[in-house]
Amino acid sequence: MPGILTLGALGASLSVDAFAAALGKGAQQPKARWGDALRIGLVFGFFEAVTPALGWLLGYLVNDWIADWDHWASFVLLLGIGGHMIVQALKGDGTPPAASTAALEQPSYLKLSLTAIATSIDAAAVGVTLALMDVNIWIACLIIGGTTSFVATGGVMLGKRVGAYLGNYAAIAGGVVLVVVGSTILYQHLSA
């Protein structure tokens, strides 16, 4: 059975794309406080914790389907969300995000949830792998979700600071990172 450190490292590796997305969210929310960042981090952590459990539960029944389609679903969702971020930033009037009214709004939890789902689909495949090992799935999900929540919360606060200096370029960079993450997931699966 993998130890706490192994599961922590797994959680850290699964949270990289959530961190990139949270960085972009932080750039779009320059007035975000720690409570806002924590809410965003918890949304990412929740989905990152739930998807391995779903993968674990459905592992043997849908193993072939998950392995065949998870990379495509991640790619399409991340491409769409990243592309939308880029288009919205390019449509901007050149006003830094701190001065725009859209930046002062609360984040859309539908968009946030879709982003979190897109960045956590690969964790379902990890859940399938965990089903084949002697792992307490509840502890694994808590560690993976907790790590992702922590990393994504930090990403929002870092994005908030970076976004103030880079304006719409930070949102464009966040969108590009999501597209690159999605493309990397697709490339890794197709080249394996």
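Brief remarks on what is shown
- Modelled label positions at Ile139 and Ser108, each set 7 Å beyond Cα in the direction of Cβ, lie 4.1 nm from each other.
- Difference of contour (0.36 nm per residue) and Cα-Cα distance, Phe46 to Trp34: 2.6 nm
- Each label was represented as a point 7 Å from its Cα along the Cα-to-Cβ direction; for Val180 and Ile4 these points are 3.4 nm apart.
- Take Lys160: with every protein chain present and a 1.4 Å probe, its accessible area is about 40 Å².
The values are calculated or read from the model by the stated rules, or taken from the named source; none is laboratory data. All values reported here derive from a predicted model rather than from experimental measurement. Counting neighbours? That spans all protein chains shown, and the Cβs are built from the backbone with ideal geometry, glycine included. The area values use the complete protein model at the heavy-atom level, side chains included, leaving out ligands, DNA and RNA. Shrake-Rupley method; radii C 1.70, N 1.55, O 1.52, S 1.80 Å.
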